[in-house]
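Okay, structure first, notes after.
Computed from the coordinates by the stated procedures, all read-outs in this text should not be read as laboratory data. Note that this is a predicted model, so its numbers are computed, not measured. Cβ placement follows ideal geometry from the backbone for every residue including glycine, while neighbour counts extend to all protein chains displayed.
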């Protein structure tokens, strides 16, 4: 998985619970996608945790659609959107 320096140094430090397999699954099989005007791409996928809770994971990539720049659980995402 290709990542930006920001992702490696900032995102993973703030969100150590993120798993590579969740991000990779979102990249390969997103439930929803939005192309931003700046060229970045927002992808969402539902992630189910071990405790039975489920959240929408948002992954933001660079314009190439492969290089991960950001990832987080999107509390505002609606299940119908993703």
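What residue among 13, 46, 58 shows peak mean-square fluctuation when the chain is described by a Gaussian network model with Cα springs under 10 Å?
13
Tell me what the chain gives for mean residue ellipticity at 222 nm when only DSSP H runs of n ≥ 4 count, each as -39,500 (n - 2.57), the sum divided by the residue total, rounded to 500 deg cm²/dmol.
One gets -3000 deg cm²/dmol as the mean residue ellipticity at 222 nm.
Which of 48, 24, 66 moves the most in a Gaussian network model of the chain with Cα springs under 10 Å?
Ranking 48, 24, 66 by mean-square fluctuation puts 48 first.
Defining a contact as two alpha carbons under 8 Å apart and six or more residues distant in sequence, what relative contact order in percent does the chain show?
31 percent
Under 8 Å for C-alpha pairs, at least 6 residues apart: give me the relative contact order for the stretch 1-47, rounded to a whole percent.
27 percent
Return one quarter of the surface area of the convex hull spanned by the alpha-carbon atoms of the chain, equal to its mean projected area, in nm².
5.3 nm²
If a paramagnetic tag sat 7 Å from the Cα of residue 66 along the Cα-Cβ line, which residues of the stretch 1-40 would have the backbone N under 15 Å from that point?
Residues 1-4, 24, 27-28 qualify, since their backbone N sits under 15 Å from the label point.
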